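The values are calculated or read from the model by the stated rules, or taken from the named source; none is laboratory data. Bear in mind the structure is a predicted one, so any value in this text is a computation, not a measurement. Here Cβ is always computed from backbone atoms with ideal geometry, including for glycine, and neighbour counts include all displayed protein chains.
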């Protein structure tokens, strides 16, 4: 068990270091290209921090472990709202822009409903994957079409050329993927030694591990006051998880899924997504503060306790 423990520590160190540089490069890219920080957060940062989920989903599906990939997608969305957004709001209250509520939130709500429909019959097939993929293409088109440039950049924006910013984006994206892969491998090896099911591993160990880039990036964004990167990253990552990660097992390993994914885990994801949507509407001209952050984090801890109890009951 020494090698998996070393892998976990190494993966965490790589994630923390690379996420901070990734946010700097993303903020500089937004400034140099004239794109809004919100769009950068929902596309470049969200895609970069969702890359570990995609890598894990591909390997899991090819290895004949589709429940691991499905649990990873659902569990990452639950962790992104409960853990990532909760902790970020506790670190520093997040200002909310009404334009984000009006444009981006409906996309996430629509994707969540479509994902629930795809999981409802207990089978994730290629038609479901194709439908989700088409919505991903529409979402990217909609975000690009509706984007409006930000006001002049803050002094916190790193001074670097566009070419250098893009090189740092590519380099740190690779580090994020490698660090997450190392972390997930070590954590999964430890979890399998305890006899935990694929779905539970995907919902907890793998989901938390692959959500660490989002957590590190959002905390770094909040500290550096790039708030649109933080909230945009959570919404964008959840969109990518539902529309780019969830279809992967449907394409590569179509077939039945663990019934608990639709009956237990999707309702929790739906509850947190609707709760986040209501709070964003409520605070659309204000800030998402520490009280909602404590609420999200509390729900997530209760959910983990529930999973632990279900796992111990099954064994």
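Just a few scattered comments:
Yes/no per residue for (1) part of a helix (DSSP H, G or I); (2) at pLDDT 75 or above; (3) farther than 18 Å from residue 288 by Cβ:
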{"site": "21", "(1), (2), (3)": "yes, yes, yes"}
{"site": "25", "(1), (2), (3)": "yes, yes, yes"}
{"site": "29", "(1), (2), (3)": "yes, yes, yes"}
{"site": "40", "(1), (2), (3)": "yes, no, yes"}
{"site": "44", "(1), (2), (3)": "yes, no, yes"}
{"site": "64", "(1), (2), (3)": "no, yes, yes"}
{"site": "75", "(1), (2), (3)": "yes, yes, yes"}
{"site": "82", "(1), (2), (3)": "yes, yes, no"}
{"site": "101", "(1), (2), (3)": "yes, no, no"}
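- Pairs with Cβ under 8 Å, 6+ apart, first in segment 248-269 and on the phi > 0 side of the Ramachandran plot and in contact (Cβ under 8 Å) with a residue 60 or more places away in the chain, second part of a helix (DSSP H, G or I) and crowded, with 16+ Cβ neighbours inside 10 Å: 255/66
- Test: residue in segment 128-143 that is modelled with pLDDT under 75, out of contact with any strand residue (DSSP E or B) (no Cβ under 7 Å at 6 or more places or on another chain) and surrounded by 17 or more Cβ atoms within 10 Å (Cβ to Cβ): yes
- There is no residue in segment 211-234 that is over 30 Å from residue 31 (Cβ atoms) and modelled with pLDDT of 75 or more.
- Residue match in segment 303-311 (condition: buried (at least 24 other Cβ atoms within 10 Å of the Cβ), in contact (Cβ under 8 Å) with a residue 24 or more places away in the chain and closer than 27 Å to residue 20 by Cβ): no
- The listed residue being at pLDDT below 80 and either crowded, with 21+ Cβ neighbours inside 10 Å or assigned to a helix (DSSP H, G or I) (or both), out of 12, 107: 12
- Any hit, segment 178-194, residues being within 14 Å of the chain's Cα centre (by Cα) and in contact (Cβ under 8 Å) with a residue 60 or more places away in the chain: yes
- Under the condition of being within 26 Å of residue 205 (Cα to Cα) and surrounded by 16 or more Cβ atoms within 10 Å (Cβ to Cβ), the residues counted in segment 252-294 number 20.
- Scan of segment 248-266 for residues that are over 14 Å from residue 122 (Cα atoms) and within 19 Å of the chain's Cα centre (by Cα), ordered by number: 248
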